[in-house]
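Here is the structure we will look at.
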Amino acid sequence: MALMSIVGTEIDERMTPEVERMTKDNPILSKQVQKMLEQLQVTWDEVETSDETLGLTDLSLEQFRQELFEMFQRNKEFFERMPNGIFTGFKAMPDKQYPELPGGIIALLGYPAKPDEADTHEYNEHFLLYSNSKGFSTYSNNKEILGVLRKHKYQSRYVPEDIEKGEQKAINTANVRIKDWIKGRIPQKAVEKIHSLLENGVDIKKTAEEKKLEEKFKSKNFDLITWFVVLK
């Protein structure tokens, strides 16, 4: 359910006369069929000569939203019973589309964190991240990270033994990578500006926006909903 808010884009049923007419005549027409209709707007030459044809769906997250929705509908009760913090992992398989898949962690965070006394809670925002020991991954937006997960969704589950056993050192490493990502959400230019002014003895008065970002992006303000261990 949390991921559905990340990939919650819809195709405009009035995008073309053909799509509008087919949707009207067939109210149960699936979004997947609509996606195929959109892809037909490229030329046949492009379809036949390119392995990476850019269709309209490449500009949205519709394909992920549709797959997730269908899976959720089939396993609704199972997913609803899952607690926060559930994890899994896989061995990365780089390819032409994803040539660099560093070892690290992919995680979904919810904001704001659920208060301890709350029985129910709804997150205002969700953040998807891919962080590794050398810094953040080259894949930084939701579509890229979801694409990496989609590529590996049929891979066998693989998680290092120390993480499976909950050994503190291994868990701390994953924790640090998430915290580093949260800190990195504050614009780097703003951080550099502050450091420069401090070095020159300038009294700094932060803007309201800077204060707001610093207050928001603290690890205590986020819940870890789910995470994946990525191994090279």
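Every number here is computed from the coordinates shown, using simple stated rules; none is lab data. Fair warning: this is a prediction, and the values are worked out from it, not measured in the lab. No Cβ is skipped: glycine too gets one built from the backbone with ideal geometry, and neighbour counts run over all protein chains shown.
The table below gives the values:
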| read-out | value |
| --- | --- |
| Length added when fully stretched, T88-T120, from 0.36 nm per residue minus Cα-Cα | 9.0 nm |
| Residues S156 and E215, FRET efficiency given R0 of 35 Å [Cβ-Cβ distance, rounded to 0.05] | 0.25 |
| Most to least packed among 112-125, 216-229 [average Cβ atoms within 10 Å] | 216-229, 112-125 |
| Set K169/K212; K114/K169; K96/K153; K143/K220; K151/K179 screened for pairs whose C-alpha atoms are more than 29 Å apart | K169/K212 |
| Amide H partners (placed H, <5 Å) of A113, local residues excluded | F222, D223 |
